[in-house]
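The values are calculated or read from the model by the stated rules, or taken from the named source; none is laboratory data. Source: prediction; values computed, not measured. Every residue, glycine among them, receives a Cβ derived from its backbone with ideal geometry; neighbour counts consider all protein chains shown. When the accessible area is computed, the model is the full protein with side chains, heavy atoms only, and any ligands, DNA or RNA have been set aside. Shrake-Rupley method; radii C 1.70, N 1.55, O 1.52, S 1.80 Å.
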Amino acid sequence: MRILVTGGAGFIGSNYVHYTLENSDSEVITLDALTYAGSRDNLDGVLDHPRHEFVEGSVCDRELVTDLISDADAVVNFAAESHVDRSIEGAESFVETNIEGTQALLEASIDADIERFLQISTDEVYGQILDGAFSEEARLNPRNPYAATKASADLLATSYATTHDLPVLITRTCNNFGPRQHSEKLIPKFIQNASLGKELPVYGDGSNIREWIFVQDNCRAIDLVLRKGTPGEVYNIGTGIELTTIEVAEKILDRVGGSTDQITFIRDRPGHDQRYAVDSNKIESLGWEPRWSFKEGLERTVAYYVDNGI
Ligand code: NAD
């Protein structure tokens, strides 16, 4: 299989590129615009891989994506603006990449002989849930601009499946953590600050709950959906590992060495969702289950940041 991986120099995308080259005989073309969030360093060790080609460019470049997709069997679309706080400051680039970029990829796929189009989405499209967990049939109720652009992309992808008979699949995953994540995100930032004796800034009262998945488990799930999923279907990917922000901070301070006095409370994010949770029965029935505990994943993540000199 020849897979076009967009956003493959970012956090999850680069882990997926490494995973695919190590665990399959697929060829990978990575397309990435190398925004502040993407880095060639994330592809260290695979840039010269005989089954890998790196292309610097945007998913919004219709000519380029048409050309790349004409030569691919599958598209896995990770490319996105992904930081909620930035989308609150200004959502224009989110609309451009997350919606218009996805539409450009879908459009270019119509006339190409694509076997699979996998749209990488998020649990945030469902909005918050105080009890229980969302199934794939739940109403989309995005509550911040980032989530709204991701939900829009999901709807576009689904519409292209219906209207143009494109073999679209969607994964909606909970919060990822692991190596190669940008330092603006919660866990890398807390690891860095904890190890430097700095403050760990926590929004509001720190009671917001997120479901966490080690990125390697997400890569396995994405690979399974790509190869074994049913076109037209959405697959939630979650672990049941639920932690408040305070609990995450405490676990990191405990592992890295630091005092809970370093935890500081800052003004809450506007529209901050209290809790996300997804029901993962559907992907589990394909034979997937998470392998990494939060503790083991954190161990590997801290080791990565220490090795890379944070
Ligand atoms: P990231 O910000 O680390 O990486 C995004 C990548 O996309 C970067 O390499 C960036 O350079 C690239 N990119 C941005 N605009 C582009 C454009 N116009 N054309 C080509 N490339 C472009 O994000 P991530 O955390 O790795 O997330 C990847 C995907 O997974 C996103 O679609 C995100 O919505 C989704 N997701 C992330 C999480 C999470 O916890 N990180 C959870 C669920 C879903």
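A few remarks follow.
- Fraction of antiparallel bridges per DSSP, the chain only, in percent to nearest 5: 10
- Put simply, the Cα atoms of the chain extend 58, 43, 39 Å along their principal axes, the longest span coming first.
- As a fraction of the 1.4 Å probe accessible area of region 170-310, surface on carbon and sulfur atoms comes out at 45 percent.
- Peptides 33-41, 257-265, 80-88 ordered by average Cβ neighbours within 10 Å, highest first: 80-88, 33-41, 257-265
- Per-peptide average of other Cβ atoms within 10 Å, ordering 102-115, 268-281 highest first: 102-115, 268-281
- Note on the chain: GNM, Cα springs under 10 Å; of 66, 163, 173, the largest mean-square fluctuation is that of 163.
- Given 185/295; 150/189; 185/251; 251/282, the pairs whose alpha carbons are separated by over 26 Å: 251/282
- For the chain, the longest principal axis of the C-alpha atoms and the axis of helix 186-195 are separated by about 40°.
- Under 14 Å, Cβ to Cβ, from residue 229 - net charge with Lys/Arg +1 and Asp/Glu -1: +1
- Highest-fluctuation residue, 169, 21, 68 considered, GNM on the chain with Cα pairs under 10 Å: 21
- Its residue count N sets the reference 2.2 N^0.38 Å, and the alpha-carbon radius of gyration of region 162-245 equals 1.41 times that reference.
- Most mobile of 32, 61, 217 in a GNM of the chain (Cα contacts under 10 Å): 61
- log10 of Debye I(q)/I(0), alpha-carbon scatterers only, for region 153-306 at 0.10, 0.15, 0.16, 0.18 Å⁻¹: -0.43, -0.84, -0.92, -1.07
- For region 129-191, the spread of Cα positions along the three principal axes, ordered from largest to smallest, is 46, 30, 19 Å.
- Karplus-based coupling profile of region 149-162, in residue order and whole Hz: 6, 5, 5, 4, 4, 4, 5, 4, 4, 5, 5, 5, 5, 6, with θ = phi - 60° in 6.51 cos²θ - 1.76 cosθ + 1.60 and x standing for Gly or Pro.
- Taken over region 67-210, the ratio of Cα radius of gyration to 2.2 N^0.38 Å equals 1.19.
- Only helices enter this figure: runs of n ≥ 4 DSSP H residues, each worth -39500 (n - 2.57), summed and divided by the residues of the chain, yield -10500 deg cm²/dmol at 222 nm to the nearest 500.
- Annotation: extensible slack from residue 295 through residue 63 equals 79.0 nm (criterion: 0.36 nm per residue apart, minus Cα-Cα distance).
- Proximal charge balance of residue 23 [Cβ under 9 Å; K/R count +1, D/E count -1]: -1
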